[in-house]
Amino acid sequence: MARTPVLDLGECTDCEGCLTVCPSVFQRNDTMGYIEVAECAEYPEKEIQEAISICPRGCIRWEDET
């Protein structure tokens, strides 16, 4: 089953750790002023797991696609 990373913007402190670890998935939306998840055909699990593990607020998680 495919999974998608989800970022809880309400918890995000904008530390930019996810941008550093996985810039192909986590990107800054300069217009709106927040970090967002890019739409990808496949997500690099190892890099996203690292972003999840370093997130100080625990605001990144996997969500199963239905």
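In the set E36, E16, only one residue is acidic (D, E) and in contact (Cβ under 8 Å) with a residue 24 or more places away in the chain; that residue is E36. Scanning the stretch 15-39 for residues that are in a loop (DSSP other than H, G, I, E, B) and either within 10 Å of P5 (Cα to Cα) or aliphatic (A, V, I, L, M) (or both) returns V25, M32, A38, E39.
For the stretch 54-65, what are the residues that are of a type outside the set (A, V, I, L, M) and either farther than 20 Å from A2 by Cα or in contact with a Cys (Cβ under 7 Å, 6 or more places away or on another chain) (or both)? Once the filter is applied, which keeps residues that are of a type outside the set (A, V, I, L, M) and either farther than 20 Å from A2 by Cα or in contact with a Cys (Cβ under 7 Å, 6 or more places away or on another chain) (or both), the stretch 54-65 yields C55, P56, R57, G58, C59.
Being of a type in the set (S, T, Y), over 11 Å from the mean Cα position of the chain (by Cα) and outside any helix (DSSP H, G or I) is the requirement here; does T66 meet it?
On the way: of a type in the set (S, T, Y): yes; over 11 Å from the mean Cα position of the chain (by Cα): yes; outside any helix (DSSP H, G or I): yes.
Yes, satisfied.
No lab work stands behind these numbers, since they all come straight from the coordinates. Quantities reported herein were computed from a predicted structural model and do not represent experimental measurements. Note that we place each Cβ from the backbone using ideal geometry, even for glycine, and neighbour counts take in every protein chain shown.
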